[in-house]
Amino acid sequence: MQREGRKSMSWLFFSPSGRVSRLPYCLGWLFCAAASGFVLSRVLAHQGDDIALALWTLILVVTALVSTASIALMTIKRLHDTGYPGHLAICLFIPVLSPVLFLALCLWPGTEGENEYGR
């Protein structure tokens, strides 16, 4: 059983409910980027070996899908923390708005106290 104030890693990466502050949001993005970067380096390292390349390419696709989903869910929680509705996370999929939204959510402080999305 987890305590009231603590959330699990699965909640951070795979749940759209609640709120998340700037630091866990930025660290979550960094973790997803590092995982994707590692798998991409393995793909590039196995260019001559067809079987290993196929395996690492499959792992890269799975990692990309999981990372995309978890980043979208973390963004929904971060938007909740700033008082905005989660459906604005769709802006992550607009190339010009994605870096702007990321920087804004990393720098913009959340609302103090409770809002309609929780504490």
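Of the residues G86, G18, G48, G28, which is within 20 Å of L103 (Cβ to Cβ) and more than 10 Å from the chain's Cα centre (by Cα)? Spell out how you get there, then give the answer.
Numbers: G18 fails: within 20 Å of L103 (Cβ to Cβ); G48 fails: within 20 Å of L103 (Cβ to Cβ); G28 fails: more than 10 Å from the chain's Cα centre (by Cα).
Checking each option against the conditions leaves just G86.
Yes/no per residue for (1) in contact with a helix residue (DSSP H, G or I) (Cβ under 7 Å, 6 or more places away or on another chain); (2) at pLDDT 95 or above:
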residue	(1), (2)
F14	yes, no
L40	yes, yes
L58	no, yes
V62	no, yes
S67	yes, yes
G110	yes, no
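Could you tell me whether any residue of the range 69-78 is part of a helix (DSSP H, G or I), of a type in the set (S, T, Y), modelled with pLDDT of 90 or more and closer than 28 Å to E114 by Cα?
Our first condition is that a residue be part of a helix (DSSP H, G or I); within the range 69-78, this holds for 69-78.
Imposing the further condition that a residue be of a type in the set (S, T, Y) reduces the set to 70, 75.
Now restrict to residues that are modelled with pLDDT of 90 or more: 70, 75.
Filter once more, keeping what is closer than 28 Å to E114 by Cα: 70, 75.
Yes, because at least one residue in the range 69-78 is part of a helix (DSSP H, G or I), of a type in the set (S, T, Y), modelled with pLDDT of 90 or more and closer than 28 Å to E114 by Cα.
Answer with yes or no whether I71 is within 12 Å of the chain's Cα centre (by Cα), touching a residue at least 60 places away in the same chain (Cβ under 8 Å) and at negative phi.
Details: within 12 Å of the chain's Cα centre (by Cα): yes; touching a residue at least 60 places away in the same chain (Cβ under 8 Å): no; at negative phi: yes.
For I71, the condition - within 12 Å of the chain's Cα centre (by Cα), touching a residue at least 60 places away in the same chain (Cβ under 8 Å) and at negative phi - is not met.
Identify the residue in the range 76-100 that is under 21 Å from A34 (Cα atoms) and free of Cβ contacts under 8 Å to residues at least 40 places away in the same chain and, among all such residues, is surrounded by the most Cβ atoms within 10 Å (Cβ to Cβ).
So, considering only residues that are under 21 Å from A34 (Cα atoms) and free of Cβ contacts under 8 Å to residues at least 40 places away in the same chain, the one surrounded by the most Cβ atoms within 10 Å (Cβ to Cβ) is L92.
Inside the range 95-116, can you point out the residues that are of a type in the set (D, E, K, R) and more than 15 Å from I76 (Cα to Cα)? Spell out how you get there, then give the answer.
Of all residues in the range 95-116, those of a type in the set (D, E, K, R) come to 112, 114, 116.
Scanning the range 95-116 gives E112, E114.
The values are calculated or read from the model by the stated rules, or taken from the named source; none is laboratory data. What you see is a predicted model; the values in this text were computed from it and never measured. Note: ideal-geometry Cβ built from the backbone for every residue, glycine included; neighbour counts use all protein chains shown.
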